[in-house]
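Worksheet for the structure shown next.
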Amino acid sequence: MIYLDHAATTPLDPAALQAMLPWLEGGFGNPASDHAWGHAARAAVERARAQVAALIGAQADEIVWTSGATESNNLALKGALEFRGLRGAHLVTARSEHKSVVDPVRHLEAQGLRVTWLKPDAQGRIAVEQVLAALAPDTALVSLMWVNNETGVINPVEALAPRLRERGILFHVDAVQAAGKLPVDLAHVPIDLLSLSAHKLYGPQGIGALFVRKRPRARLSPQLHGSGHEQGMRSGTLPVHQIAGFGEACRVAAERLASDRERLSALRDRLQRQLQALPGVHLNGDPLQRAPGILNLSFAGVEGESLRASLGDLAVSSGSACSSATREPSYVLRALGRDDELAGASLRFSLGRATGEAEVDQAAARVAQAVRTLRRIAGTEPAAPVAPPHNAHGYSAPVWAAFAAPVHAATLPDGALAGTAGSPAGALRLRLQADLEQGRIARAAFQAYGCPVTIAVGEWLAAWLEGRRPEELRLSAGDLSSVLEISDDKAHCGLLGEDAVLALRRQMSVA
Ligand SMILES: *Cc1c(COP(=O)(O)O)cnc(C)c1O
């Protein structure tokens, strides 16, 4: 098992765990209570507040606890615009922001906010001049992430902040992927609102913070109403154990920042070098302006879901629609101008403290092997056959068996008959080939570009064809679905098989 998905979540730092344990093993108290238990809890919370503030060059009383960066982003955007009033307000943000910015902004847009959605360039960058050009007299807020979570690209927020300050425009920054990875110094960068999440920097899940500047004061309307905790900005009893862990994680992150940064940049470059030794591998992002530890590549000539499924125990994040919670190809890569196919065939590798050269080398070898195998099956590049490791993605056992051993994935010599089927846009392709000898199929082969079910259908059909006579080639999508136990949402793969068999039979009757 190799974990290269640290941009999704990180393991808990041992020191952070130690800071949490006393509050889970008998220690307790409501920080709002005025007695010894409450005072002890309050002291732990305030200590952590100072630790979080120190990581980003802020004052402790500028830190507001939240349940995570999703809440921080919602509070910053909705809170600031509700306070100001939506009427006649304009906001500038980018299409490549995290969903927890994009969706609250869309929500506000539906309520009448005017929004300019900036488009990143082909390297995923947003330029200072581009933001300034989008400003209008009624622009109330600019929201831009510091580091993009999919590509690792760094936005020029440090250069932009003073330009917005001099115009009196509030600046919100989602710094989830920057804090603890790059120097963040709010004493010198006039950002007004900044979102953090503990579990992206080796703290516990379910706790985050919003930095709210005191001088000049950034004003927010609360989004959770209650007993008025956190200076009235966010009500709710504070989770002391989570907060203590977050604080300690920030202390450790500050201590390790420089060494982690150097080490992870070198490992990322090593991984990129090894993978780009393959042809047809595209970097999604900017080769220079990027955070350590994140590498996003697209692999031409392979289909995203099959690529993801071939990686077995390698934990990476994929742009493939079928493996993501939202089932749409990465909108961030689409915003960079990648087509659906390349956006789907992308992998994000995000390295962390436990990653070493051995993990990087093994990951690169496994990915290269999967890419070569899938290209061979699709007929986009010849390579030695290798079976993918095991069924980790919920396909039926028969589908997986057929996908894992594509022994018929090769082309037959010229003169073989072929039947081809595909979806109109070319997102799926299946080609069956057969050699007739004395009225029977002596050898059959297939090429497939598509999900593991498409490949399994090709493999199963090639084996099924051998030894049959042309007039025996009758097989329905329903038959395929039952032998391979194809699920309803993959019924189109069965139809593809039926069409390919039909096309082959037509060729044989012509011959
Ligand atoms: C993970 C992430 C978030 C959401 O953080 P949670 O604490 O999980 O809600 C927001 N922005 C970016 C850039 C992220 O990577």
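Summary of values
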| read-out | value |
| --- | --- |
| Whole-Hz ³J(HN,Hα) from phi, Karplus 6.51 cos²θ - 1.76 cosθ + 1.60, for region 397-406, glycine and proline x | 4, x, 4, 5, 4, 6, 5, 6, 9, x |
| For residue 472, solvent-accessible area (1.4 Å; no DNA, RNA or ligand), Å² | 80 |
| Nearest-10 value in Å² for the accessible area of residue 252, using the 1.4 Å probe | 10 |
| Apportionment of accessible area to carbon and sulfur, the chain, percent (1.4 Å) | 52 |
| Heavy-atom surface of the chain, accessible at 1.4 Å and reported per residue (Å²) | 41 |
| Accessible surface, 1.4 Å probe, highest first, among residues 28, 403 | 28, 403 |
| Distance between region 112-138 and region 247-307 - C-alpha centres, whole angstrom | 26 |
| Ellipticity estimate at 222 nm from DSSP helix runs (n ≥ 4, -39,500 (n - 2.57)) divided over the chain, nearest 500 | -12500 deg cm²/dmol |
| Accessible-area order (highest first, 1.4 angstrom probe) of the listed residues 119, 78 | 119, 78 |
| Size of electric dipole in the chain: Cβ of Lys, Arg +1 and of Asp, Glu -1, about Cα centre, debye, nearest 20 | 960 |
| Residue 82 versus residue 502: modelled label distance in nm, points set 7 Å from Cα along the beta carbon direction | 5.6 |
| Under the Karplus curve 6.51 cos²θ - 1.76 cosθ + 1.60, θ = phi - 60°, whole-Hz ³J(HN,Hα) for region 234-239, x wherever Gly or Pro sits | 7, 7, x, 4, 6, x |
| Heavy atoms of residue 508: accessible area, 1.4 Å probe, square angstrom to 10 | 10 |
| Cα gyration tensor category, rounded, prolate or oblate, for region 6-254 with a/c compared to 1.5 | prolate |
| Residue-count net charge about residue 263 - beta-carbon cut-off 13 Å; Lys, Arg +1, Asp, Glu -1 | +1 |
| Point-to-point label distance, residue 476-residue 1, nm (Cα→Cβ direction, 7 Å offset) | 4.4 |
| Accessible area, probe 1.4 Å, largest first, for residues 25, 485, 97 | 25, 485, 97 |
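The values are calculated or read from the model by the stated rules, or taken from the named source; none is laboratory data. Predicted model, so just to flag it, every value in this text is computed and none were measured. Note: ideal-geometry Cβ built from the backbone for every residue, glycine included; neighbour counts use all protein chains shown. We work out accessible area using only protein heavy atoms, side chains counted, and drop any ligands, DNA or RNA first. Shrake-Rupley method; radii C 1.70, N 1.55, O 1.52, S 1.80 Å.
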